[in-house]
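Trainee: One structure coming up, written as C-alpha cells, with questions to follow.
The values are calculated or read from the model by the stated rules, or taken from the named source; none is laboratory data. Predicted model only: the values in this text are computed from it and were never measured. Ideal geometry is used to build each Cβ from the backbone, glycine not excepted, and the neighbour counts take in all protein chains shown. Quick note on the areas: whole protein, heavy atoms, side chains included, nothing else; ligands and nucleic acids left out. Shrake-Rupley method; radii C 1.70, N 1.55, O 1.52, S 1.80 Å.
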Amino acid sequence: IPDPRNSPVSAVAVVFSKPISTPSFGLEDLTLTRDGVGNLITDAVSIVSLDPTSFRIEGLLDLTVNDGQYELTVSGTGVQDIDGNTGIGSRTARWTMDSTAPILTGITHLATNPRNIVVQSLNVTFSEPIDAGTFDWHDITLTRNSGANLITNAVTVEHISDTEYRIR
C-alpha cells in the first residue's frame, strides 16, 4: 500500500506462509482502525480466496475514505492450516490517507515597495509538508507589467524545512 496516499484503499492482499482452511479465515480475524480508534470492519468487507495461501480483503473503499492514520491487522490466531493447526502472530499494514492538497500559506513580505534593489530570494510556506522534488522553477511565475513569465531554470528552489522553501 503506498504511504502516504490520496485515495482510499479498496482491497488488500494477504498471503499466508502455507495453505490454510479457507473457512477458518473470517472477518473476526481482521481489525481496521483509523487514528487508533475502533474496529471499522463491517459486513460490507469480504475475504476472497485466490488460492490456498493467497486472499484479498475487499470492500475497504468506503471505510478508508477519510483522512487519517490507518492500520489493518490480520490475526493468525483464529486461522487454521489444512491440518487444523492454529496460526500464530499477526501482521499489520499501515498507511496515511491524506486527500487535502497543500496550500501556499505564506510568502516573504517585502518591506520596501517600490524597490530600488534586486530581490535576492523569497521564502514560501505551505500548510503541510510537500514532496520537495515536485516544487521547482516550473511552478513559479514572475511577470513585469503583465508581460511574459521571467522565470527560467536559473531560478532555484531550496528546501528549508518540510513546509518552507527559498526561491533564489
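Trainee: Apply the Karplus parameterisation 6.51 cos²θ - 1.76 cosθ + 1.60, with θ equal to phi minus 60°, to every residue of segment 58-72 and state each ³J(HN,Hα) to the nearest whole Hz, in sequence, with x for glycine and proline.
Mentor: 10, x, 8, 3, 5, 7, 10, 7, 7, 5, x, 9, 9, 9, 10
Trainee: Let me know the charge dipole size of the chain about its Cα centre in debye, to the nearest 20, where only the beta-carbon of Lys, Arg (+1) and Asp, Glu (-1) is charged.
Mentor: Around 740 debye, computed over the chain.
Trainee: Classify segment 22-100 as rounded, prolate or oblate from the Cα gyration tensor: take a ≥ b ≥ c as the square roots of its eigenvalues, call it rounded if a/c is under 1.5, otherwise prolate when a/b beats b/c and oblate if not.
Mentor: Prolate, because a/c is 1.5 or more and a/b exceeds b/c.
Trainee: Would you mind calculating the gained length between Arg168 and Thr105 on full extension (0.36 nm times residue separation, minus the Cα-Cα distance), in nm to one decimal?
Mentor: Taking 0.36 nm per residue and subtracting the Cα distance, the gain is 20.8 nm.
Trainee: Sort 133-139, 145-151 by packing, meaning the average of other beta carbons within 10 Å per residue, with the highest value first.
Mentor: Packing order, densest peptide first, comes out as 133-139, 145-151.
Trainee: Further question: Output ³J(HN,Hα) for segment 2-14: one whole-Hz value per residue in order, computed from phi by the Karplus curve 6.51 cos²θ - 1.76 cosθ + 1.60 with θ = phi - 60°, and x for Gly and Pro.
Mentor: x, 9, x, 9, 10, 9, x, 8, 8, 8, 9, 7, 10
Trainee: What does the C-alpha gyration tensor say about the overall shape of segment 57-100? Classify as rounded when a/c is under 1.5, otherwise prolate if a/b is larger than b/c, or oblate.
Mentor: Prolate.
Trainee: Let me ask something else. What number comes out for accessible area per residue over the chain if the probe is 1.4 Å? Units Å², please.
Mentor: Using a 1.4 Å probe on heavy atoms only, each residue of the chain averages 64 Å².
Trainee: Further question on the same structure: Over the Cα atoms of the chain, how large are the radius of gyration and the largest Cα-Cα distance (Dmax), in Å?
Mentor: Spelled out, the Cα radius of gyration and Dmax of the chain are 25.0, 84 Å.
Trainee: Could you tell me the calculated FRET efficiency between Ile82 and Val37, based on Cβ-Cβ distance and R0 = 30 angstrom, to the nearest 0.05?
Mentor: That gives a FRET efficiency of 0.25.
Trainee: Starting from the 7 Å offset along Cα-to-Cβ, what nm value, one decimal, do you get for the label separation of Ile151 and Trp137?
Mentor: According to this spin-label approximation, the distance is 1.1 nm.
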